[in-house]
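A.B. asks: Sharing a structure with you now.
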Amino acid sequence: MRVLVTGGAGYIGSHTLLELMAQGHEVCVLDNYCNARPVVLDRVRNLSNRPVTAYTGDVRQATLLDQVMAEFAPEAVIHFAGLKAVGESMRDPLGYYDVNLGGTLALLHAMDRAGVRRIIFSSSATVYGDPEYLPYDEAHPTAPTSVYGRTKLAAETLLRDWHAAHPETCAVILRYFNPVGAHPSAQIGEDPSDTPNNLMPFIAQVAVGKRGALQIFGDDYDTPDGTGQRDYIHVVDLARAHVAALRYSAEHTGARAFNIGTGESYSVKQMVAAFQTASGQDIPCQITARRTGDIAAMQANASRANQELGWKATHSLADMTQSTWAWQSQNPDGYESD
Ligand code: NAD
Ligand code: UD1
C-alpha cells in the first residue's frame, strides 16, 4: 500500500517506516521537524535501501496536505505527528489542542478531499486515567488526567464521529503503553532534545555518563518494591502493530481502539537492574518525592489486538534494554553524533 506517515521522522515513526518497507509498503513522510532531525530519514533510507519521499511542513497546512495527497496519492495514513510532553501540555493547552486535535482535523479534511478512507492514529494508554481495574482493557472508562491525554481522547472522538458519518472509512486507534528500545541496527532510536521526561532515556543517559544519577520518583507505592510499574513495549513491536493495523484497515470498516502493550509490567527498580545488566554500567539512583500525576501501576490487556489484529509483542525486557544501550552507547549525542 502507499502510506503517508505524518511525524515519520520521530521516534516511533522512524521505526515504523522500516517495518512498513520491510513488508513491501511504499512510504512518504510529512514532518515539520519540531522534534526530529532530517538526518533520521537518511539513516532510514540507508537501512532500507529504499527511497523515502519527504515533505517538510506542518500537518495543519491544508495546501501542503492537498499537494501531498495529489502527488503521492496515499491509500492510507498513519498519523504520528503530535506533541507529547505532559508537563508542557499543562502550561500550553491551546498549543496542544491546536497541534494534536487541529492537526487530526486538518488531516481528515484533506483525506476527505482526496478520498483517502483509512487512518491509523497514535493514541495513548494515558486516555484511561486512574485505573478502576488492571490490566486496562479497551472498555475501561476514559478520564485522562492531563491536557495531553485529553487532546488524544478528543482526537479519538473526532475519528469516531468522522467514521459514523462515513461508514466506508476505517480509523484504527492504537493506545500505546510505554514505548522503549531502539532498532537492532543501533542506527535509529529515541533522541530527546531536552532533559528526558521518561524513564528509559534518562537511565540510558546516566549509563553513558551524560547525567549523574536517576531520581526515582517515589518508593512508597502499593507495588511489590514500592516503585512505579509500567507495561514497557519494544518500539519494533509497536512499529509492527502499525503494519498489522494497516492490514486490518484494508479488510474492515469502523473506528476501533486497540491496546498496544505486552501485558507484563516492570517496576522502576527492575528497569534499573535490567539496564545495569545490559550495559555493564552502574546506574546511581536517588529516591525522591512522587511525581505529580503519576499512578502506581499500569498494564495492558492486549488480547483484542492479539486476536483482531493478529499482532503480539515478541521482544523481551532484555531486548529492550540491550537495544537501548547499543543505540545510546554508539550515538552518545543521539543524531547530533552524525
Ligand atoms: P516524536 O516527537 O519523536 O515524533 C513526533 C513527530 O511528529 C516528530 O518527528 C515531530 O517533528 C513531528 N511533528 C510534531 N508536530 C508536528 C506538526 N504540527 N506537523 C508535522 N510534524 C509534526 O514522538 P513519538 O514518541 O514518536 O510519538 C509519536 C506519536 O505517538 C505522538 O502522537 C505521540 O503523542 C504518540 N505517543 C507516544 C508515546 C511515547 O511514549 N513515545 C506514547 C503514547 C503515544
Ligand atoms: C509518562 C506520561 C504519560 C505518557 C507516557 C509515555 C507523565 C505524568 N505521564 O508516563 O502521559 O503517556 O509517559 O510517554 O508524565 N520515573 C522515575 N524517574 C524518572 C522518570 C520516570 O522514577 O526520571 C518513573 C515514573 O515515576 C514511572 C516510571 O518511571 O513510575 C515510568 O515513567 P515514564 O517513562 O515517564 O512513563 P509514564 O509515567 O508511564
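A.B. asks: Name the single residue, out of those in segment 186-201 being open to solvent by 40 Å² or more (accessible area, probe 1.4 Å) and over 14 Å from the mean Cα position of the chain (by Cα), that is nearest to ligand 2 (Cβ to nearest atom).
C.D. replies: This residue is Asn197.
A.B. asks: Every residue in segment 81-119 that is at pLDDT below 95 and in contact with a Ser or Thr (Cβ under 7 Å, 6 or more places away or on another chain), please.
C.D. replies: Listed by number, the list holds a single entry, Val86.
A.B. asks: Taking the stated definitions as given, is Leu47 of a type in the set (A, V, I, L, M), open to solvent by 10 Å² or more (accessible area, probe 1.4 Å) and either at pLDDT 95 or above or assigned to a helix (DSSP H, G or I) (or both)?
C.D. replies: Considered against the rule, which asks whether it is of a type in the set (A, V, I, L, M), open to solvent by 10 Å² or more (accessible area, probe 1.4 Å) and either at pLDDT 95 or above or assigned to a helix (DSSP H, G or I) (or both), Leu47 comes out as yes.
A.B. asks: Restricting the first residue to segment 72-83 and requiring it to be free of Cβ contacts under 8 Å to residues at least 40 places away in the same chain, which pairs with a second residue that is open to solvent by less than 30 Å² (accessible area, probe 1.4 Å) and near ligand 1 (Cβ under 10 Å from one of its atoms) meet a Cβ separation below 8 Å and a spacing of at least six or different chains?
C.D. replies: none
A.B. asks: Among the residues of segment 53-100, write down those that are in a loop (DSSP other than H, G, I, E, B) and within 14 Å of ligand 1 (Cβ to nearest atom).
C.D. replies: Gly57, Asp58, Val59, Arg60, Gln61, Phe80, Ala81, Gly82, Leu83, Lys84, Ala85, Asp92
A.B. asks: If you don't mind, another one. Which members of segment 146-170 meet the condition of being part of a loop (DSSP other than H, G, I, E, B) and either closer than 17 Å to Gln299 by Cα or open to solvent by less than 60 Å² (accessible area, probe 1.4 Å) (or both)?
C.D. replies: Ser146, His166, Thr169 - these are the residues of segment 146-170 that are part of a loop (DSSP other than H, G, I, E, B) and either closer than 17 Å to Gln299 by Cα or open to solvent by less than 60 Å² (accessible area, probe 1.4 Å) (or both).
A.B. asks: Can you name every residue in segment 196-227 that is within 15 Å of ligand 1 (Cβ to nearest atom) and either touching an Asp or Glu at 6+ places or on another chain (Cβ under 6 Å) or in contact (Cβ under 8 Å) with a residue 12 or more places away in the chain (or both)?
C.D. replies: Hits for segment 196-227 are Asn197, Asn198, Leu199, Met200, Pro201, Phe202, Ile203, Ala204.
The values are calculated or read from the model by the stated rules, or taken from the named source; none is laboratory data. What you see is a predicted model; the values in this text were computed from it and never measured. Glycine also receives a Cβ, built like all others from the backbone with ideal geometry; neighbour counts cover every protein chain displayed. Just the protein is used for accessible areas: all its heavy atoms, side chains included, with ligands, DNA and RNA removed. Shrake-Rupley method; radii C 1.70, N 1.55, O 1.52, S 1.80 Å.
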